[in-house]
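Working notes, structure below.
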């Protein structure tokens, strides 16, 4: 019998670090031929989506990405931004998904404050990078991005993750009371909250999740990763237009997240109509009581499960919030956010809550 190979000091052979990157590796096997993402005319199975994530991760490493490097995305809801939620941490980087509604000065501040070494941008949003120094490399989503992916490999990428407490993303507030403030998620927290969200919403392999919620907002409440756990399909749309959105409801969308104002916009639109499926509406702010009675007191048309913004969401984050972990080095400033955020950034490091 051959002796077992020696393990590095401190290695626990019976331990698996919790990280969303492993959810995609599993999905590529278990849900291999099921649809993973639809983005306009582009459609990918889970096997194909995993292959693209591996290509992206290996291309980032080949381009010089080091462990802990921040990679910023200024992008609409799209397959590349969803892909980045897996590929960037798989490569060893930390994703910084930037609010597309901020002005150029605020975006430049986030790129600088986070220490982003690269910026990926939707073509329509390029003007908002006007204040970002030209020394920061940028890649435009589309042909340039696809060329980068083609330079990568579909072979498995060995993760550089040593601890589940390492950062996976940095998210920023909108800066309504001053400069935008950075909040770190770690791998463990992202993994646990991703599972909590799909369990709470009863998302399953047959589900179709419509991306009305911005992926830059708390990483899409971690649905970006959770859908891979159950093999559900993402339907990506760059913006919410009531008419096309109702067409998507008719075509099989089962879940979406929205603020009460978005619900009001949808149900008061002339395209609104009763759907065949029963709705499961999760209440939030009191304003929602008016939002679901737009036509003379009529009930919200039956249809997809919807999670509005509001108090119920905050309670969910309190219940499923991750424990604190190690902050990304070199970050500064306080941060505020839902209790599900991993920690606050203070000074040039962080402390546990």
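The values are calculated or read from the model by the stated rules, or taken from the named source; none is laboratory data. Quantities reported herein were computed from a predicted structural model and do not represent experimental measurements. Positions of Cβ are backbone-derived with ideal geometry, glycine not excepted, and every protein chain shown enters the neighbour counts.
Let me confirm something: among 169, 177, 173, which residue is under 15 Å from residue 216 (Cβ atoms) and out of contact with any helix residue (DSSP H, G or I) (no Cβ under 6 Å at 6 or more places or on another chain)?
Numbers: 169 fails: out of contact with any helix residue (DSSP H, G or I) (no Cβ under 6 Å at 6 or more places or on another chain); 177 fails: under 15 Å from residue 216 (Cβ atoms).
Going through 169, 177, 173 in turn, the sole match is 173.
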* To do: Answer yes if at least one residue in the stretch 184-191 is outside any loop (DSSP other than H, G, I, E, B) and either at pLDDT below 95 or over 20 Å from the mean Cα position of the chain (by Cα) (or both), and no otherwise.
  => no
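Residue-wise test of (1) free of Cβ contacts under 8 Å to residues at least 40 places away in the same chain; (2) surrounded by 23 or more Cβ atoms within 10 Å (Cβ to Cβ); (3) under 21 Å from residue 22 (Cα atoms).
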{"position": "147", "(1), (2), (3)": "yes, no, no"}
{"position": "159", "(1), (2), (3)": "no, no, yes"}
{"position": "168", "(1), (2), (3)": "no, yes, yes"}
{"position": "172", "(1), (2), (3)": "no, yes, no"}
{"position": "205", "(1), (2), (3)": "no, no, yes"}
{"position": "210", "(1), (2), (3)": "no, yes, no"}
By my count, strands (runs of 3 or more DSSP E) wholly in the stretch 203-260 with at least 3 residues that are at pLDDT below 95 are 255-258
Taking the stretch 110-144 and keeping residues assigned to a helix (DSSP H, G or I) and touching a helix residue (DSSP H, G or I) at 6+ places or on another chain (Cβ under 6 Å) leaves 128
Counting only residues in the stretch 40-66 that are over 18 Å from residue 150 (Cβ atoms) and either in a strand (DSSP E or B) or touching a helix residue (DSSP H, G or I) at 6+ places or on another chain (Cβ under 9 Å) (or both), the one modelled with the lowest pLDDT is identified as 40
Here is a check on your reading of the model: is residue 77 modelled with pLDDT of 95 or more, part of a loop (DSSP other than H, G, I, E, B), under 18 Å from the mean Cα position of the chain (by Cα) and surrounded by fewer than 20 Cβ atoms within 10 Å (Cβ to Cβ)? no
